[in-house]
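Data block below; observations after.
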Amino acid sequence: MIRIPAALERELAKLFPRVKERERFVTEAIRQSLGDGVPHISSDSDVELVGGTIHLFTDGGSRGNPGQAAIGCILEDPIRGTVLREHYERIGIGTNNVAEYRALIEGLKLANHYHPNHLVCHLDSELIVKQLNGEYQVRMATLKPFIEEIRSLIEDIPSVEFVHIPRSDNYRADALVNKALDEHPAPHYDSRIRH
């Protein structure tokens, strides 16, 4: 798998506006520079690992605010309409906002394995989308490290969008959150043990 630096990716996008053309060019340039010892890449799915567009759907929630919290993430190939990866987990005690941010961070980590040229992040938290898009300030000091981590994770992705969607359109990620909370109930703590 090859990661193209963001600056080079932007230059290639000017020359080849269509993602498929850009991917073919990069694949052929690599093949020519390495010589005949490189196996021919014949499947389109291999080429897409160099870049392309990926959609990320994330959700986080807690039962109680704060309360037991969980996250859910879905990576989707919008061209094929297929799910690339799903992830869900219980994250302990947290607020809804912390869970939303942690879900996005986990989703971005997964997305980075696919080296997208364009990543569209779908969230049903309007507050977090507006904070990430700079429309709202992040006033809570406890949330600022999440913003910094997100900025770091998207640094090498040439194009990232944060889009607010209605909760009803995010039902799959929401179902993963509930699955994590239902399958992994709250642990029973022994009050004699220091945490």
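Within the range 123-138, can you find the residues that are under 13 Å from Glu161 (Cα atoms) and buried (at least 17 other Cβ atoms within 10 Å of the Cβ)? Once the filter is applied, which keeps residues that are under 13 Å from Glu161 (Cα atoms) and buried (at least 17 other Cβ atoms within 10 Å of the Cβ), the range 123-138 yields Leu123, Ile128, Val129, Gln131, Leu132. Summed over the range 123-138, residues that are at pLDDT below 95 and within 17 Å of the chain's Cα centre (by Cα) total 0.
So that you can scan it fast, the table gives a plain yes or no per residue for (1) touching a helix residue (DSSP H, G or I) at 6+ places or on another chain (Cβ under 6 Å); (2) modelled with pLDDT of 95 or more; (3) surrounded by 13 or more Cβ atoms within 10 Å (Cβ to Cβ):
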residue	(1), (2), (3)
Pro78	no, no, no
Leu104	no, yes, yes
His115	no, no, yes
Cys121	no, yes, yes
Met140	no, no, no
Arg151	no, yes, no
Asp174	no, yes, yes
Glu183	no, no, no
Ile193	no, no, no
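Against the list (1) more than 22 Å from the chain's Cα centre (by Cα); (2) at pLDDT below 70, the condition Arg24 fails is (2). When residues of the range 145-157 are filtered for being under 13 Å from the mean Cα position of the chain (by Cα) and in a helix (DSSP H, G or I), how many remain? Qualifying residue count, the range 145-157: 5. Under 26 Å from Gly52 (Cα atoms) and in a loop (DSSP other than H, G, I, E, B), is that true of Arg80? Yes; evaluated as a whole, the condition is true for this residue. Taken together, Val98, Val50 contain a single residue that is more than 18 Å from Val163 (Cβ to Cβ), of a type in the set (Val, Ile, Thr) and at pLDDT 95 or above, which is Val98.
Taking every residue in the range 126-140 that is assigned by TED's automatic domain parsing to the domain that holds Ser152 and pairing it with any residue that is assigned to a loop (DSSP other than H, G, I, E, B) and of a type in the set (Ser, Thr, Tyr), at least 6 positions away or on another chain, the pairs with Cβ-Cβ distances below 6 Å are Lys130/Tyr136. Between Val138, Val98, Val129, Val160, the distinction of being part of a loop (DSSP other than H, G, I, E, B) and of a type in the set (A, V, I, L, M) belongs to Val138 only.
The values are calculated or read from the model by the stated rules, or taken from the named source; none is laboratory data. Since we're looking at a predicted model, the values are computed, not measured. Positions of Cβ are backbone-derived with ideal geometry, glycine not excepted, and every protein chain shown enters the neighbour counts.
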